[in-house]
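Take a look at the structure below.
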Amino acid sequence: MSMSTNTDQKNRVYIVNDIAMVPPAQASGFGMSISPQAFTIRLADNTIIAQNSNGTVQASGNDLGTVMNSIVSGIPDHSVISFQTGAYSGTTTFINNGHRGIRLVGNGATIPIKFKFDGSGSIFNASNCLVDGFNFSGSNAGIALDNASYFSVQNCTFSSCAEAMTWESTNLWSEIWSITNSRFEACMKSMLFKTASGGTASYINGLVQNVTFNTLLSGITSGYTYVELESGAAINEGKWYNTRMWFNAPSGIGMHFKAGSSATRCQLNKIYLENFSGASGTTQGIIVASGCAGAPMVIGRPTFGNISSFPYSATFSNLNGHFIHSIGTGMWRETQTITPGVSSSFGTGVELFNDTDYAGIPSIYIDIGGTVTAGELLTVRFVLAKIGGESSTTVTRTFNHTGTFTLSVDDYRTFLSNNNFNNLDKITVSAHTSAVSTTATISVGGFTGPGGPPAVLATSGFSWLGVTNSGQFVSHGTATSSPRPAGYVQGRVSGSLVYFAYYTSG
């Protein structure tokens, strides 16, 4: 029985590394415009050869960047450049200047040079490009985006690079980009978002998914940073999923948001920070510098692995006050102090929760400290404003003793009316005391994720029904007997709050 192979263009199966299987470039209609072309770059006796889909050699040499630049200058948009597997040589940067939709398919090729995508004054000139399946290895290797948007990197490794991936802005910006299923190994700067040399440094709407950073290769001991935002760089609106950072070398930084940078509404989803080991040096998981215009939101509690060699507080350094960081069982935002007005007049409002810090409404807690005198009432007011300022919702709580409290279910129902959960712009908090002066203190904070603040019942600073441990008498006022009660039980009698003291044996 004879067998045949169907090789018509409709049914043909293409093998990337087989130049004979790549179809020839053909002209299309509408004025005979040039259709996309396919090129293969391969090694032959240590010479780098670039062939078109007809098998014609278009360029050759020993410098990969020079060979690539010679063929890219004349190719149409949406062309494909495919590499045969191998370790290539060269020092010249490959520059895609003004070609859209270029696909670079590495097939595991090892690349010692930089691939640069330059929109030259328009974010669309070098848009919709893809880099897939390369190992960028060496100090000069990596990828640079300059005014190039809709850019994708996938299935790549960056090894021992000085600056593995950089975002730059000469004229405009580089927005709507993604890097997925990739890893960075022993790079001094793995992802570097640079200050604009002109225009604005806007690198927003980025997606980072299934990406790992580590220092496993030899030659790196300190001074590395996995993700760095320089002053003026913004990665707002980004989403980072399943990001893992491994810190086996001391004196490194996971993410550094410098003064003047911004990550407003950028979400870090369940970031994993592992292996804070090393006998010397200082390792920081995330640094948010004072003057950072907007820090990222942490969605879901981050995971820390093997941090026994470093104090827990060293994992985060939050100096701008707009960052949700991990303490205990929940994701907490740093508490802010509210100064109450006197004589039942609200003091100056403090903007606590806004769309920079939170996605939706956080869990809110109120801490009343100091001394609340007999008969004094403290009122805390929360005003939620929707984006655009077209409406607001107010929740008010009143306290007559110290302790830590959370908002009630009904309070959140009020907040959630009119879709405020999805349209939160900010919550402004103010307070007042019914007295002409007060020594009470008020602080308000919020958290996301599991857990929360413990409910702490007051142990001083209010009128209560006191009893001696022998139960000889009951009087109104401050306890005069010793020892003082172990705690209080709060109840409501005829509409009034009553506090009952109790003792424990021993």
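Would you check which residues across the stretch 195-217 are under 21 Å from Gly252 (Cβ atoms) and open to solvent by less than 50 Å² (accessible area, probe 1.4 Å) and list them?
Scanning the stretch 195-217 gives Val208, Val211, Thr212, Phe213, Asn214, Thr215.
Being open to solvent by 10 Å² or more (accessible area, probe 1.4 Å), touching a strand residue (DSSP E or B) at 6+ places or on another chain (Cβ under 7 Å) and at pLDDT 95 or above narrows it down to one residue among Thr180, Thr166, Thr170; which is it? So that I can check it myself, show each step before the final result.
Values: Thr166 fails: open to solvent by 10 Å² or more (accessible area, probe 1.4 Å); Thr170 fails: at pLDDT 95 or above.
It is Thr180.
In the stretch 293-307, how many are open to solvent by 10 Å² or more (accessible area, probe 1.4 Å) and either modelled with pLDDT of 80 or more or closer than 12 Å to Phe257 by Cβ (or both)?
1
In the stretch 325-335, is there at least one residue being open to solvent by 30 Å² or more (accessible area, probe 1.4 Å), at pLDDT 65 or above and assigned to a strand (DSSP E or B)?
no
For the stretch 249-259, name all the residues that are open to solvent by 10 Å² or more (accessible area, probe 1.4 Å), touching a strand residue (DSSP E or B) at 6+ places or on another chain (Cβ under 8 Å) and not β-branched (Val, Ile, Thr). Outline the logic, then answer.
Step one: of the stretch 249-259, the residues open to solvent by 10 Å² or more (accessible area, probe 1.4 Å) are 250-251, 253, 256, 258-259.
Filter again for touching a strand residue (DSSP E or B) at 6+ places or on another chain (Cβ under 8 Å), leaving 253, 256, 258.
Matches in the stretch 249-259: His256, Lys258.
Which residues, taken from the stretch 143-158, are in a strand (DSSP E or B) and open to solvent by 10 Å² or more (accessible area, probe 1.4 Å)?
Ser152, Gln154, Thr157, listed by residue number.
Matching residues to (1) modelled with pLDDT of 80 or more; (2) part of a strand (DSSP E or B); (3) at positive phi:
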residue	(1), (2), (3)
Thr393	yes, yes, no
Thr396	yes, yes, no
Asn418	no, no, yes
Thr428	yes, yes, no
Ala431	yes, yes, no
Ala435	yes, no, no
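Please find, within the stretch 359-383, the residue that is nearest to Arg265 (Cα to Cα) out of those that are hydroxyl-bearing (Ser, Thr, Tyr) and in a loop (DSSP other than H, G, I, E, B).
Top of the filtered list is Thr371.
Out of (1) open to solvent by 40 Å² or more (accessible area, probe 1.4 Å); (2) within 25 Å of Arg183 (Cβ to Cβ); (3) more than 29 Å from the chain's Cα centre (by Cα); (4) modelled with pLDDT of 95 or more, what's the single condition that is false for Pro112?
Condition not satisfied by Pro112: (1).
Has the stretch 188-200 got at least one residue that is under 17 Å from the mean Cα position of the chain (by Cα), assigned to a loop (DSSP other than H, G, I, E, B) and at pLDDT below 95?
So far as the stretch 188-200 goes, yes, one or more of its residues are under 17 Å from the mean Cα position of the chain (by Cα), assigned to a loop (DSSP other than H, G, I, E, B) and at pLDDT below 95.
Could you tell me whether Ile220 is open to solvent by less than 40 Å² (accessible area, probe 1.4 Å) and in contact (Cβ under 8 Å) with a residue 60 or more places away in the chain? If you could, list the steps in order and put the result at the bottom.
Working: open to solvent by less than 40 Å² (accessible area, probe 1.4 Å): yes; in contact (Cβ under 8 Å) with a residue 60 or more places away in the chain: yes.
Judged against the criteria, Ile220 is a match.
Pick out the one residue from Gly101, Gly106, Gly65 that is open to solvent by less than 10 Å² (accessible area, probe 1.4 Å), under 35 Å from the mean Cα position of the chain (by Cα) and on the phi > 0 side of the Ramachandran plot. If you could, list the steps in order and put the result at the bottom.
On the way: Gly106 fails: on the phi > 0 side of the Ramachandran plot; Gly65 fails: on the phi > 0 side of the Ramachandran plot.
Residue meeting the stated conditions: Gly101.
Filter the stretch 35-56 down to residues that are over 25 Å from Phe136 (Cα atoms) and out of contact with any Asp or Glu (no Cβ under 9 Å at 6 or more places or on another chain) and give me whichever is modelled with the lowest pLDDT.
The residue in question is Ser35.
Is it the case that the stretch 160-182 has a residue that's of a type in the set (Val, Ile, Thr), under 17 Å from Gly138 (Cβ atoms), in contact (Cβ under 8 Å) with a residue 12 or more places away in the chain and part of a loop (DSSP other than H, G, I, E, B)? Reasoning before the result, please.
Let us first name the residues in the stretch 160-182 that are of a type in the set (Val, Ile, Thr), namely 166, 170, 176, 179-180.
Subsequent filtering for residues that are under 17 Å from Gly138 (Cβ atoms) retains 166.
Narrowing the set further to residues that are in contact (Cβ under 8 Å) with a residue 12 or more places away in the chain leaves 166.
Cutting the leftovers down to part of a loop (DSSP other than H, G, I, E, B) gives us none.
No, the conditions are met nowhere in the stretch 160-182.
Could you give every pair whose Cβ atoms fall below 8 Å, whose first residue belongs to the stretch 99-122 and is in a loop (DSSP other than H, G, I, E, B), and whose second residue is acidic (Asp, Glu) and open to solvent by less than 10 Å² (accessible area, probe 1.4 Å), counting only separations of at least 6 or pairs across chains?
Every condition considered, the pairs that remain are Gly119/Asp146.
Quick check on my filter: what residues within the stretch 265-285 are crowded, with 21+ Cβ neighbours inside 10 Å and either at pLDDT 85 or above or of a type in the set (Lys, Arg) (or both)? It would help to see each step written out before you state the result.
If we filter the stretch 265-285 for residues that are crowded, with 21+ Cβ neighbours inside 10 Å, which is where we start, we get 266, 268, 271, 273, 276, 283, 285.
Passing the criteria: Cys266, Leu268.
Please give the number of the condition Phe151 fails out of (1) aromatic (Phe, Trp, Tyr); (2) without any contact (Cβ under 8 Å) to a residue 40 or more places away in the chain; (3) under 15 Å from Ala109 (Cα atoms).
Among (1) aromatic (Phe, Trp, Tyr); (2) without any contact (Cβ under 8 Å) to a residue 40 or more places away in the chain; (3) under 15 Å from Ala109 (Cα atoms), the lone unmet condition for Phe151 is (3).
Pairs, please: C-beta under 8 Å, at least 6 apart or cross-chain, first residue on the phi > 0 side of the Ramachandran plot and in the stretch 230-248, second open to solvent by 60 Å² or more (accessible area, probe 1.4 Å) and of a type in the set (Phe, Trp, Tyr)?
As it stands, the answer is Asn242/Tyr272, since those pairs meet every condition given.
The values are calculated or read from the model by the stated rules, or taken from the named source; none is laboratory data. Owing to the predicted nature of the structure, the values given are computational and were not obtained by experimental measurement. Cβ coordinates were reconstructed from backbone atoms using ideal geometry, including for glycine residues, and neighbour counts include every protein chain displayed. Only protein heavy atoms, including side chains, enter the accessible area calculation; ligands, DNA and RNA are left aside. Shrake-Rupley method; radii C 1.70, N 1.55, O 1.52, S 1.80 Å.
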